[in-house]
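Reading through the structure tokens given below for one structure.
The values are calculated or read from the model by the stated rules, or taken from the named source; none is laboratory data. No experiment lies behind these values; they were computed from the predicted model shown. Virtual Cβ from ideal backbone geometry, glycine too; neighbours counted across all protein chains shown.
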Amino acid sequence: MKNILILSAAILLAAGTASAESNLQEPRFKAPSADQMLPLYPKVARKDRLSGEAIIACVWNETGRLTCRVLSETPSDMGFGQATIKGFETYGRALDVNASSAPGQEKKFRFRWSMN
């Protein structure tokens, strides 16, 4: 029987969202695909067939590149947070970035890792 890996990303509320008065537009975001994240599945968690979740916060620069940090991960100490960061910093992007898209703002993402 073939193992099926289910991965999902959700954009959460932005921390420090720009006010409507400032005319700053938040860019759209491209999350990594399941195919891109699959090789990053934490080895011990994969071996033990454990699911997990990470919440990360990312800032973007003028080119759309993300720099992220772990806010929380469940279960802790299994590597889901660092794997999520690696995937988002390598494959994720802020799209349509320009002077009005507020580079340096922080955006939260939730990523769920699951093996069925």
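Data table
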{"quantity": "Which numbered condition THR84 misses (of (1) loosely packed, with under 15 Cβ neighbours inside 10 Å; (2) under 9 Å from the mean Cα position of the chain (by Cα))", "calculated": "(1)"}
{"quantity": "Residue identified as modelled with pLDDT under 95, surrounded by 15 or more Cβ atoms within 10 Å (Cβ to Cβ) and over 14 Å from ALA83 (Cα atoms) among GLU21, GLU62, GLU26", "calculated": "GLU26"}
{"quantity": "Residues (farther than 17 Å from SER72 by Cβ and under 15 Å from the mean Cα position of the chain (by Cα)) located in the stretch 87-104", "calculated": "GLU89, THR90, TYR91, GLY92, ARG93, ALA94, LEU95"}
{"quantity": "Unmet requirement for ASP77, which otherwise passes all of (1) outside any strand (DSSP E or B); (2) charged (D, E, K, R); (3) within 23 Å of ARG28 (Cα to Cα)", "calculated": "(3)"}
{"quantity": "Selection within the stretch 36-50 - free of Cβ contacts under 8 Å to residues at least 24 places away in the same chain and not in a helix (DSSP H, G or I)", "calculated": "ASP48"}
